[in-house]
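Heads up, the thing below is written out as structure tokens.
The values are calculated or read from the model by the stated rules, or taken from the named source; none is laboratory data. Computed from a prediction, not measured in an experiment: that's the story for all the values here. Because the Cβ atoms are built from the backbone with ideal geometry, glycine has one as well, and the counts that use them run over all protein chains shown. Quick note on the areas: whole protein, heavy atoms, side chains included, nothing else; ligands and nucleic acids left out. Shrake-Rupley method; radii C 1.70, N 1.55, O 1.52, S 1.80 Å.
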Amino acid sequence: MQGSTLTGPALIAGVIAALVTMIGWYVAYQRDRRLDNGRRAERIRDCKIALRAEISCHVPRWILKDESEHVEEMARQIRAGAGDTPPFTPFVPKETANPAFEAIVGEIQILPGDVIEPVIRYYQQVDVIAQLAEDMRGERYAALEAERKVDVYRDFIELRSEAGRLAIDAIDALEQSSDDK
């Protein structure tokens with residue numbers, strides 16, 4: 001009889017201890033999850049702010065107020081310098097790096113889905129422009145006949161204009177997306 005009276009309280013104490021331990025695990029799990037979600041939300045906000053700032057800085061260089069006038073003036077200069085030695089070649093500066101995008105691209109999946117596509121489309125366009133600019137700075141472009149050089153330059157300016165439109169789309173997507181998606 002004596003053994004059975006101790007078994008009941010010991011069993012109840014064991015069950016209570018197990019319940020307290022389980023509740024402690026659950027509370028710790030919920031706390032850690034809230035902290036992780038808070039850090040993730042902060043990282044998403046930081047990424048969006050950095051991308052928006054970087055893309056916003058690019059917009060003025062992509063959009064020309066008088067694009068067709070600029071292209072026609074450059075075409076006139078290219079044609080006029082066709083007989084010169086060396087022939088006239090427009091100066092095309094090297095495109096700048098994109099440090100915010102390069103830092104984020106490895107974890108781009110943390111951004112909301114409605115942001116990823118316009119941001120990627122924009123940076124793909126920037127990459128195409130950078131590759132064409134590199135080609136235009138080379139000897140092969142300089143050696144082209146005047147009309148072909150004008151056509152390539154016109155394409156270059158059109159790519160830049162499209163980059164301006166894609167930049168605005170990306171900025172809009174970054175501003176309109178909510179941080180909890």
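For (1) at pLDDT below 90; (2) basic (K, R); (3) part of a loop (DSSP other than H, G, I, E, B); (4) open to solvent by 60 Å² or more (accessible area, probe 1.4 Å), each residue gets a yes or a no:
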| site | (1), (2), (3), (4) |
| --- | --- |
| A18 | no, no, no, no |
| V27 | no, no, no, yes |
| R33 | no, yes, no, yes |
| K48 | no, yes, no, no |
| R52 | no, yes, no, yes |
Practice problem: Sort through A170, A143, A75 and tell me the only one that's open to solvent by 70 Å² or more (accessible area, probe 1.4 Å) and of a type in the set (A, V, I, L, M). | Solution: A143
Quiz item: In this structure, is E73 among the acidic types (D, E), out of contact with any Phe, Trp or Tyr (no Cβ under 9 Å at 6 or more places or on another chain) and farther than 30 Å from I44 by Cα?
Solution: yes
Quiz item: Has segment 103-125 got at least one residue that is touching a Cys at 6+ places or on another chain (Cβ under 8 Å), part of a loop (DSSP other than H, G, I, E, B), among the hydrophobic types (A, V, I, L, M, F, W, C) and buried (at least 17 other Cβ atoms within 10 Å of the Cβ)?
Solution: yes
Practice problem: Kindly list the number of the only condition in (1) part of a loop (DSSP other than H, G, I, E, B); (2) open to solvent by less than 50 Å² (accessible area, probe 1.4 Å); (3) closer than 30 Å to C47 by Cβ that fails for A97. | Solution: (2)
Quiz prompt | Every residue from segment 57-114 that is among the basic types (K, R) and closer than 20 Å to A130 by Cβ | solution = R61, K94
Quiz prompt | Qualifying positions in segment 147-156 - surrounded by fewer than 17 Cβ atoms within 10 Å (Cβ to Cβ) and more than 28 Å from the chain's Cα centre (by Cα) | solution = E147, R148, D151
Quiz item: Based on what the data block shows, is I44 touching a helix residue (DSSP H, G or I) at 6+ places or on another chain (Cβ under 7 Å), among the aliphatic types (A, V, I, L, M) and assigned to a helix (DSSP H, G or I)?
Solution: yes
Quiz item: Only one of these conditions is not met by S56: (1) touching a Lys or Arg at 6+ places or on another chain (Cβ under 9 Å); (2) in a helix (DSSP H, G or I); (3) polar (S, T, N, Q). Which number is it?
Solution: (1)
